[in-house]
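One structure below.
The values are calculated or read from the model by the stated rules, or taken from the named source; none is laboratory data. The shown structure was predicted, so the numbers you read here are calculated from the model rather than taken from an experiment. Here the Cβ is made from the backbone with ideal geometry for all residues, glycine too, and neighbour counts use every protein chain on show.
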Amino acid sequence: MPDSDVILETRGLSKEFRGFVAVKGVDLKVARGTIHALIGPNGAGKTTCFNLLTRFLPATSGTIVYRGEDITRASPAEIARKGLVRSFQISAVFPHLTVLENVRIALQRKRGSSFDFWRSDRVLRAYHQRARELLDAVGLQDFAQVPAIELSYGRKRALEIATTLALEPELMLLDEPTAGMGNEDVERIARLIQQVAKDRTVLMVEHNLGIVASLSHTITVLARGEVLAEGSYQSVSKNSAVIAAYLGTEHG
Amino acid sequence: MSEASAAPAAELAPRSHRAPLAILVALVLVAPWVVYPVFVMKALCFALFACAFNLLLGYAGLLSFGHALFFGAASYATAHAALEWGWRPELCLVFGAAVAAVLGLATGLVAIRRQGIYFAMITLALAQMFFFFSLRAEFTGGENGIQGVPRGMMFGFLDLSRTYVMYYVVAAIFLLGFAILHRTVHSPFGQVLTAIRENEPRAISLGYKVNQYKLIAFVLSAGLAGLAGGTKALVFQLASLTDVHWNTSGEVILMTLIGGLGTIFGPIAGAVFMAALENYLAQLGSWVTVTEGAIFVFCVIAFRRGMFGELSRLLKRPL
Ligand SMILES: Nc1ncnc2c1ncn2[C@@H]1O[C@H](COP(=O)(O)OP(=O)(O)OP(=O)(O)O)[C@@H](O)[C@H]1O
Ligand SMILES: [Mg+2]
């Protein structure tokens, strides 16, 4: 894999919480334009990895290289500005803002004017058209004026994706985008991920192995903070270490 | 899971405050002819103070436990400039607000990196440091405060020693400060501030450098709290330790909570209510605080969202 095709690479990434090693020497290479899945049993360190990649937590050791640039010491906001945008395992919306306002917050950051405290918020109407396009794309066009808190869980996740997409990220990190959803919603989100991945790279944590199998090009299996296996779904699912790690867990 | 039915794809619900704003202006203009002007002036100073405080707690989700620092420092600065340097009142007020804003910047830089209770504790600690500084420092007059502050001639022609002139100047300052806060809350900046209050990690993950926004809000809040404190010093011709006492920091929190946290008009109502309470309960002597406390407990239990929080729920519109 030539380096220009690698959008994100970690070398020896580790995280220790007061003596407990949650992530241990992870070497990860995410190829540009692919959907890369990060799977593993509960507590494997997947969310911690995301927190390290986006600097929500400082790594104990190791380096993170994004588009050839070392971002190990950048701030979370700087990383987002470079086009590496994450979602959260627990749905992250702005609950008392409307669905439209949620998306607009992201557009506003990307396009400026967010420090202007002396101007009327009417200037933000310039973003409404783009916001509506994004809501259309995730099937929320009829909910634009609804406070986000009133949406169903599945629709909140869709709103999160629309908000993330508003930043036109190059690399999108999704933490369990379909967790806690009904079948219908799961399918809708899966289609959505497939669609948005056409123009960007997606790294996702996902427990639903059906989704992982059908969507991802590459899978990395994490267990107790370490990479257990990496490759296509076929090769990974036959790996005996992976089967052993999953046995006895609820996702076995 | 409950879900609202599809809303019409209209533009954003208009958040027009035209009617309540008109009522507010009318009340401010008429009040001194109905109630003692000095009482209304006091209420307006505290109302501006509470509104400035509300920008932080209500819209940015930051609980400052030391806002008396800005109110009191500006009160001293304004009084000192008027009495010792003989500056014109408008310059004294601007000076007071500027001093408060600079102290706000310094306090903000220290406090904003901390979250929740630590933020509150640092602001309280800094305010207490300033209290003891004021107690010892020469120019504050220690226990006596700065007395006999001249009100002076504003812009060279408004004689503030005349009660009604002073009143309408205070009213204009209050309305100006309120207008600034109203605009700030309903600005692109205010929108980001609300988002940070609602979900800070999410705002960060969208690339917002949240501390910069909090700091700007903090400086604005401190500056306007200072404008309120300086105005109070001119009205009462006095700057004293009461202005920097933690009790004042506590009162502004109560005013905001009673009036309605995160409502634009609530803190005004809360301030008027508290000022009235203090006035009418004055004969109770040291029991004022106890009665205030009891009333506060009652208010918190009876209307959890504060006066305007409840009202805004009844009317189904943001106030
Ligand atoms: N801030 C923290 N402090 C201490 N320990 C932590 C912290 N965050 C995570 N851990 C621990 O690190 C381990 C990995 O957690 P992590 O959340 O990354 O797992 P995960 O793979 O995302 O699991 P899940 O599938 O349940 O979401 C867990 O044992 C967890 O208890
Ligand atoms: Mg997780």
Q. Where residues in segment A:39-60 are over 23 Å from B:ILE204 (Cα atoms) and not β-branched (Val, Ile, Thr), which of them is surrounded by the fewest Cβ atoms within 10 Å (Cβ to Cβ)?
A. A:ASN42
Q. Restricting attention to segment A:26-52, and to residues there that are within 13 Å of ligand 2 (Cβ to nearest atom) and within 14 Å of A:MET172 (Cβ to Cβ), which single residue is farthest from the other protein chains (Cβ to nearest Cβ)?
A. A:LEU38
Q) From the list A:THR220, A:THR201, which one is of a type outside the set (A, V, I, L, M, F, W, C), under 30 Å from A:LEU159 (Cβ atoms), more than 16 Å from ligand 1 (Cβ to nearest atom) and surrounded by 19 or more Cβ atoms within 10 Å (Cβ to Cβ)? A) A:THR201
Q. For segment A:41-85, what are the residues that are near ligand 1 (Cβ under 8 Å from one of its atoms) and farther than 15 Å from A:VAL30 by Cβ?
A. A:PRO41, A:ASN42, A:GLY43, A:ALA44, A:GLY45, A:THR47, A:THR48, A:ASN51, A:LEU57
**Q.** Qualifying positions in segment B:32-43 - surrounded by 14 or more Cβ atoms within 10 Å (Cβ to Cβ) and over 11 Å from B:PHE174 (Cβ atoms)
**A.** B:PRO32, B:VAL35, B:PRO37, B:VAL38, B:PHE39, B:LYS42
Q | Residue selected from segment A:174-189 under the condition surrounded by fewer than 20 Cβ atoms within 10 Å (Cβ to Cβ), more than 16 Å from ligand 2 (Cβ to nearest atom) and more than 14 Å from chain B (Cβ to nearest Cβ), by the criterion farthest from A:ASP5 (Cα to Cα) | A | A:ASN183
Q: Name the single residue, out of those in segment A:193-213 being in contact with a helix residue (DSSP H, G or I) (Cβ under 7 Å, 6 or more places away or on another chain) and of a type in the set (S, T, N, Q), that is farthest from ligand 2 (Cβ to nearest atom).
A: A:GLN194
Q.
Take A:ALA190 and tell me if it is in contact (Cβ under 8 Å) with a residue 24 or more places away in the chain, assigned by TED's automatic domain parsing to the domain that holds A:ILE79 and touching a helix residue (DSSP H, G or I) at 6+ places or on another chain (Cβ under 7 Å).
A. yes
Q | Which numbered condition A:LEU171 fails, given (1) farther than 30 Å from B:LEU220 by Cβ; (2) more than 7 Å from every other protein chain (Cβ to nearest Cβ); (3) surrounded by fewer than 19 Cβ atoms within 10 Å (Cβ to Cβ) | A | (3)
Q. Quick one: in segment B:305-319, which of the residues that are out of contact with any Phe, Trp or Tyr (no Cβ under 8 Å at 6 or more places or on another chain) and within 17 Å of B:MET274 (Cα to Cα) is surrounded by the most Cβ atoms within 10 Å (Cβ to Cβ)?
A. B:GLY306
Q. What is the one condition in (1) away from every other protein chain (no Cβ under 14 Å); (2) surrounded by 16 or more Cβ atoms within 10 Å (Cβ to Cβ); (3) touching a Leu at 6+ places or on another chain (Cβ under 8 Å) that B:MET153 does not satisfy?
A. (2)
(Q) Which numbered condition in (1) touching a strand residue (DSSP E or B) at 6+ places or on another chain (Cβ under 8 Å); (2) without any contact (Cβ under 8 Å) to a residue 12 or more places away in the chain is the only one that B:GLY293 fails? (A) (1)
Q.
Condition first: within 8 Å of chain B (Cβ to nearest Cβ) and hydrophobic (A, V, I, L, M, F, W, C). Now tell me which residues in segment A:89-127 satisfy that.
A. A:ALA92, A:VAL93, A:PHE94, A:LEU97, A:LEU100, A:ILE105, A:ALA106, A:PHE115, A:PHE117, A:TRP118, A:VAL123, A:LEU124
(Q) With the requirement that a residue be touching a helix residue (DSSP H, G or I) at 6+ places or on another chain (Cβ under 6 Å) and more than 10 Å from ligand 1 (Cβ to nearest atom), what does segment A:21-40 give you? (A) A:ALA31, A:ARG32, A:ILE35, A:ALA37
**Q.** Out of B:VAL252, B:VAL244, sole residue that is closer than 20 Å to B:PHE174 by Cα and either out of contact with any strand residue (DSSP E or B) (no Cβ under 6 Å at 6 or more places or on another chain) or modelled with pLDDT under 90 (or both)
**A.** B:VAL252
Q: Mind listing just one residue for me: the one in segment A:223-252 that is at pLDDT 90 or above and touching a strand residue (DSSP E or B) at 6+ places or on another chain (Cβ under 6 Å) and, of those, surrounded by the most Cβ atoms within 10 Å (Cβ to Cβ)?
A: A:GLY225
Q.
Just checking, does segment A:6-24 include any residue being away from ligand 2 (no atom under 16 Å from the Cβ), acidic (Asp, Glu) and crowded, with 17+ Cβ neighbours inside 10 Å?
A. yes
